[in-house]
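Comments concern the structure below.
The values are calculated or read from the model by the stated rules, or taken from the named source; none is laboratory data. These figures come from a predicted structure and were not determined experimentally. Heads up, the Cβs are rebuilt from the backbone with ideal geometry, glycines too, and the neighbour counts pull from every protein chain shown.
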Amino acid sequence: MTTLLVAIGSFFGFIIAYHTYGRWLARKIFALDKDALVPSQQLRDDVDFVPTRKSVIFGHHFTSIAGTGPIVGPAIAVFWGWLPALLWVVLGSIFIGAVHDFGALVVSLRNRGQTVGEIAGRMIAPRTRILFLLVLFLALTVVLAIFGLVIAIIFANYPATVLPVWISMPLAIGIGYWSYQRGGNLLVPSILALLVIYGCVYLGAYYMPINFSSMFGMELTGSFPNVVILWTFVLLVYCFAASVLPVWLLLQPRDYINSHQLVVALLLLVTGLLVAAASGQADLAQIPAIADTASIPADAPPMFPFLFITIACGACSGFHCLVSSGTSSKQIACETDAQYVGYGAMLLEGGLAVMVILACCAGVGMGLFEESDSTAGTEWVATRSPETGEQLVGLEAWQTRYDVGAGWASFQLKQMVQAFVEGGANFLRAIGIPLQLGITTVAVLVACFAATTLDTATRLQRYVIQELAGTMRVAPLTNKYMATGLAVGLGGLLAMLPGPAGPGTGGLILWPLFGAVNQLLAGMAFMVTVFYLWRRSKPVLFALLPMLLMLIMPAWAMLWQMFNAESGWLPKGNYLLLAFGAVIMLLQIWMVIEAFSMFPRAKGVLEEALPPLAAKPAGALAGVGADARSC
């Protein structure tokens, strides 16, 4: 019963919030205007600026913001207990995360699709622009390295996911060409593509797993070369192409197809959850709502402030402001679509995070399984208690997955993804889907989320590099091919460095930085939104309080990581992390000082206007853009 109440209460809460708080923001605060001229029309170039129907842009936006963050974050945080994680996800996504994404999208829409870093220089003070862009550059470099490794690890450990994930690329290009150049409808071919993808899920699960380890005789990780390195290289080559191609050719149709695939998978998970909860198989009450001291690893960081850093996507994430202002604002066809895209997509991501919490607690409690090789091929067998020989279920299963004795270091990417995949597959098993097919379906869900975030992040880094190059007058890097090459090259270089598990895991060295940096970025984006409203004499308290929270909590976490006597970077001599952390903290402090010194003088004083456009781009192609012109 607890599982049902949590699931139904959370989802109804999100729906009510969209139609009340979201509507108040759209109408009373931001005053969205269906007749306003948007960047996709002002600057249309049919490469980056492309007017797009809201159903298509919603798919792109949702799949881009919902990478592995709303999966890995909650999967780790539940060891503090599922209740704190649930409260932060539900309340955070409604009152903080969705406001953050929505605000960044609207401010960018009204500033010709510029990124929040570019806008900061006019909203706050000129120096904040370069400070903001530098933080974005550092954060996105880590994102590219980490997400490349995330997907490489998924492909290496779940070879059945490779075929369904990669088949979506040629399908998307075909659909993009058909829809945009030929004026065809997107819906019917995307549904056909969805059927092909799920057919490939079945083929991957039972007949065609693409396993580089057996094909090339490589180890998954370890000595060079290995499977993770090979997949990381392939993914970065793909990201270069995806970043420079027109958005209508690959990015939009691929994300549109993926959004359908992801929604179907989520609906299956929700159905399985409801059946398992109603039948008593999935019992959240068996798992600690708030963990006691004995249930938390002795070397784990404190829940405050680290709950707010561990769960980012799913509650509030600074990366989202880059998607809102970097790609989505360049494709919105009508200003009133911003609530649906900016506020609505974040609530859906909150729903995903709730599902992850339930899967990693009630779902894992339905039983643990492990991969086993047999003469018939790979199969999944139940994990059994060494004392009784019975399958591990309930609290015993959960405690085995979240092994406190192994310490904080045991809560790693692979283990946490595995917790969601197994828990989700258990929900699917409750509605009759075989375990192996269920595991592949959930693993494909994770890989698709990560892949869309990876290529969107590459495109965003290209924008940031071009903006920095323009400011610093480095002409070659204003070229999109050169900027993309630098973005991919730096991300790949960091990923390829020797790391905790040998060559090809170097991105993990800087992973401890990412949580705090990402959330500091959210605080900075809130700052831009607050100044935008303050200069127009609009209410700001609803955004000012989340801004303070998202500045204080990550700064507190960063300082704890740097100077904590037992495991801090300074006492342990980890000078690389210490140096990166110190630079980012100094940039952050500098920007906050600039902002607070300007705040009293900014009320009612509009920022400097953008220079007039030389000429409105002429011409328009048929298809997605042409269909999207009216509201």
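Taking the criterion of being at pLDDT 95 or above and within 29 Å of Thr3 (Cα to Cα), would at least one residue in the stretch 75-82 satisfy it?
Among the residues of the stretch 75-82, at least one is at pLDDT 95 or above and within 29 Å of Thr3 (Cα to Cα), which makes the answer yes.
Would you mention how many residues in the stretch 565-606 are assigned to a loop (DSSP other than H, G, I, E, B) and either surrounded by 18 or more Cβ atoms within 10 Å (Cβ to Cβ) or free of Cβ contacts under 8 Å to residues at least 40 places away in the same chain (or both)?
Count: 8.
Could you go through the stretch 35-50 and let me know if any residue there is buried (at least 19 other Cβ atoms within 10 Å of the Cβ), assigned to a loop (DSSP other than H, G, I, E, B) and hydroxyl-bearing (Ser, Thr, Tyr).
Scanning the stretch 35-50 turns up no residue that is buried (at least 19 other Cβ atoms within 10 Å of the Cβ), assigned to a loop (DSSP other than H, G, I, E, B) and hydroxyl-bearing (Ser, Thr, Tyr).
The conditions are (1) at pLDDT 85 or above; (2) in a helix (DSSP H, G or I); (3) closer than 30 Å to Gly367 by Cβ; (4) of a type outside the set (Ser, Thr, Tyr), and Gly470 fails exactly one of them. Which is it?
Failed condition: (3).
What number of residues within the stretch 232-260 satisfy the criterion of being within 30 Å of Cys361 (Cβ to Cβ) and either basic (Lys, Arg) or surrounded by fewer than 24 Cβ atoms within 10 Å (Cβ to Cβ) (or both)?
1
For the stretch 73-118, give me each residue that is outside any helix (DSSP H, G or I) and within 30 Å of Asp292 (Cβ to Cβ).
Gly81 - this is the single residue of the stretch 73-118 that is outside any helix (DSSP H, G or I) and within 30 Å of Asp292 (Cβ to Cβ).
Consider Met553 carefully, then state whether it is of a type outside the set (S, T, N, Q) and buried (at least 20 other Cβ atoms within 10 Å of the Cβ).
So Met553 passes the test.
Matching residues to (1) over 19 Å from Gln399 (Cα atoms); (2) assigned to a helix (DSSP H, G or I):
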position: Ala265; (1), (2): yes, yes
position: Leu274; (1), (2): yes, yes
position: Ala282; (1), (2): no, no
position: Ala291; (1), (2): no, no
position: Ala312; (1), (2): yes, no
position: Ser324; (1), (2): yes, yes
position: Tyr340; (1), (2): yes, yes
position: Gly344; (1), (2): yes, yes
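Being farther than 29 Å from Pro611 by Cα and either more than 16 Å from the chain's Cα centre (by Cα) or not hydroxyl-bearing (Ser, Thr, Tyr) (or both) is true for just one of Leu144, Leu105. Which residue is that?
Leu144
Across the stretch 73-90, what is the number of residues that are over 10 Å from Ile357 (Cα atoms) and within 18 Å of the chain's Cα centre (by Cα)?
Of the residues in the stretch 73-90, 2 are over 10 Å from Ile357 (Cα atoms) and within 18 Å of the chain's Cα centre (by Cα).
When you scan the stretch 303-315, do you find a residue that is under 26 Å from Pro39 (Cα atoms) and modelled with pLDDT of 95 or more, even just one?
No - not one qualifying residue is present in the stretch 303-315.
Does Phe240 satisfy the condition of being more than 24 Å from Ser259 (Cα to Cα), assigned to a helix (DSSP H, G or I) and in contact (Cβ under 8 Å) with a residue 60 or more places away in the chain?
Spelling it out, it is not the case that Phe240 is more than 24 Å from Ser259 (Cα to Cα), assigned to a helix (DSSP H, G or I) and in contact (Cβ under 8 Å) with a residue 60 or more places away in the chain.
Checking the structure you have, find out if any residue of the stretch 196-210 is within 23 Å of the chain's Cα centre (by Cα) and of a type in the set (Gly, Ala, Ser).
No: zero hits.
Could we say that Ser537 is of a type outside the set (A, V, I, L, M, F, W, C) and in contact with a Gly (Cβ under 7 Å, 6 or more places away or on another chain) here?
yes
Touching a residue at least 12 places away in the same chain (Cβ under 8 Å) and over 23 Å from Gln331 (Cα atoms): which single residue out of Ile71, Ile57 fits that description?
When all the criteria are applied, what remains is Ile71.
Being closer than 14 Å to Val78 by Cα, touching a Ser or Thr at 6+ places or on another chain (Cβ under 7 Å) and modelled with pLDDT of 90 or more: is that true of Pro288 here?
Yes, satisfied.
Does Ala104 qualify as being crowded, with 24+ Cβ neighbours inside 10 Å, more than 21 Å from Leu25 (Cβ to Cβ) and at pLDDT 95 or above?
In short, no.
Would you be able to say whether some residue in the stretch 609-622 is within 17 Å of Ala125 (Cα to Cα), at pLDDT 90 or above and within 26 Å of the chain's Cα centre (by Cα)?
There is no residue in the stretch 609-622 that is within 17 Å of Ala125 (Cα to Cα), at pLDDT 90 or above and within 26 Å of the chain's Cα centre (by Cα).
Would you check if Leu87 is free of Cβ contacts under 8 Å to residues at least 40 places away in the same chain and under 15 Å from Glu335 (Cβ atoms)?
Against the criterion (free of Cβ contacts under 8 Å to residues at least 40 places away in the same chain and under 15 Å from Glu335 (Cβ atoms)), Leu87 does not qualify.
Please work out which residue is surrounded by the most Cβ atoms within 10 Å (Cβ to Cβ), limiting yourself to the stretch 293-310 and to residues that are hydrophobic (A, V, I, L, M, F, W, C) and in a helix (DSSP H, G or I).
The selected residue is Phe308.
Just checking, how many residues over the stretch 456-480 are aromatic (Phe, Trp, Tyr) and out of contact with any helix residue (DSSP H, G or I) (no Cβ under 6 Å at 6 or more places or on another chain)?
0
In the stretch 119-129, which residues are closer than 19 Å to Ser40 by Cα and outside any helix (DSSP H, G or I)?
none
Just to check your reading of the model, which residue among Phe526, Phe531, Phe542 is modelled with pLDDT of 90 or more, surrounded by 21 or more Cβ atoms within 10 Å (Cβ to Cβ), over 23 Å from the mean Cα position of the chain (by Cα) and in a helix (DSSP H, G or I)?
Criteria check complete, one pass: Phe531.
Out of (1) outside any helix (DSSP H, G or I); (2) free of Cβ contacts under 8 Å to residues at least 12 places away in the same chain; (3) closer than 27 Å to Pro434 by Cβ, the odd one out for Asn185 is which?
Asn185 satisfies every listed condition except (3).
List the residue pairs whose Cβ atoms are under 6 Å apart, where the first residue sits in the stretch 272-294 and is farther than 12 Å from Leu5 by Cβ, the second is of a type in the set (Val, Ile, Thr) and in a loop (DSSP other than H, G, I, E, B), and the two are 6 or more positions apart or on different chains.
Hits for this filter: Gly272/Ile431; Val275/Ile431.
If the requirement is being closer than 30 Å to Thr456 by Cα and more than 20 Å from the chain's Cα centre (by Cα), which of these qualifies: Cys321, Cys316, Cys334?
Cys334
Would you tally the residues in the stretch 210-237 being among the polar types (S, T, N, Q) and outside any helix (DSSP H, G or I)?
4
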